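Okay, structure first, notes after.
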Amino acid sequence: ARYCALEEYTKAAALKKRIDELGFQSYDKTNYNKGANALEEAENLSADKAAAGAKLYEYAHTAYASLGTALQNAFRTRAREERTAAFTAKRNADSVYAAVAEKKAYDGGVADFRSGDTSYAQQDAENALKHYGDARKTFEKLYADISEKRAAAQEAIEKAKAKVAETSEYAVQADKDAPLSGSNIKGIEDENAVLLKAETYDDPAKAAQAVP
């Protein structure tokens, strides 16, 4: 009985360590505190060679069960939070037409999101959290990258417009300062002059070459 109790204690200690490392202590305080207290009692009993194995097992098992529940409840809560964040990120990606601009990456994000739903439905909240997290990161990156490209394109358009406007203003001012007059100004051809020799076109079908 003592061996089984120590085995249960070791597993409970590992669960508490993981909860603490993930920062999940506050998601289910009731079970976490119950498990942590039971684990402490089991630790004290394990140091006492004269302690009954059954009592040690009772505390160790309570610690393992309570901490296991606390961890799973934390994963479920985090998975729901991450799903909401991923959905928001997807909506932002949709606003910049990511499904068209970056179809492959977008489809990958959607696949991760759906895998998250599947995992959650199968009571695998930890895996669901991972999938939702991957989906969120994909959609956030798509939104950021596409927004940056669109901003750069818009800036280029604005610069081009400004340049055209500047050129137009210069031309108007130049016309005011030195207006053109007459129809035979040096350097400018007559309006009826033939600038290029008229082209004649052969039937393109005759130029086609047969291939084996």
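The values are calculated or read from the model by the stated rules, or taken from the named source; none is laboratory data. Predicted, not measured: the structure shown is a model, and the values here were computed from it. Cβ: placed from backbone, ideal geometry, glycine included. Neighbour counts: every protein chain shown. Note: areas computed on protein heavy atoms with side chains; ligands, DNA, RNA excluded. Shrake-Rupley method; radii C 1.70, N 1.55, O 1.52, S 1.80 Å.
How would you order 67-73, 10-16 from highest to lowest mean count of nearby Cβ atoms within 10 Å? It would help to have the intermediate numbers written out before the result.
Details: 67-73: 20.3, 10-16: 18.0.
Result, highest mean Cβ count within 10 Å first: 67-73, 10-16.
Which net charge results when you count Lys and Arg as +1 and Asp and Glu as -1 among the other residues whose beta-carbon is under 10 Å from that of E126?
On the way: positive: R76, R78, K130; negative: D124.
Within the 10 Å Cβ shell, the charges total +2.
Around T138, under 15 Å between beta carbons, what's the net of Lys plus Arg minus Asp minus Glu among the other residues? Intermediate results must be reported in sequence, preceding the final value.
On the way: positive: R83, K90, R91, K103, K104, R114, K130, R136, K137, K141; negative: E82, D94, E102, D107, D112, D134, E140, D145.
In short, +2.
Residues of the stretch 1-108: accessible area per residue at 1.4 Å, in Å²? Don't skip to the answer; put the middle values down first.
Working: 6290 Å² over 108 residues.
With the other protein chains kept in place, the stretch 1-108 gives 58 Å² per residue.
So, with +1 on the Cβ of K and R and -1 on the Cβ of D and E, and no other charges, what is the size of the charge dipole of the stretch 19-104 about its Cα centre, to the nearest 20 debye?
Values: 12 positive and 12 negative charges, 123 e Å.
About 600 debye.
When the chain is fully extended, how far beyond the present Cα-Cα distance does A156 get from A111, taking 0.36 nm per residue of separation? Please report the intermediate quantities before stating the final value.
On the way: separation 45, 0.36 × 45 = 16.20 nm, distance 3.49 nm.
Between A156 and A111, full extension yields 12.7 nm more.
Once the mean 1/r over all distinct Cα pairs of the stretch 93-150 is inverted, what Kirkwood radius in angstroms do you read off?
It works out to 11.5 Å.
Report the net charge of residues surrounding S26, where surrounding means a beta-carbon distance below 12 angstrom and charges are Lys +1, Arg +1, Asp -1, Glu -1.
Details: positive: K29, R78; negative: D20, D28.
For residues surrounding S26, the net value is 0.
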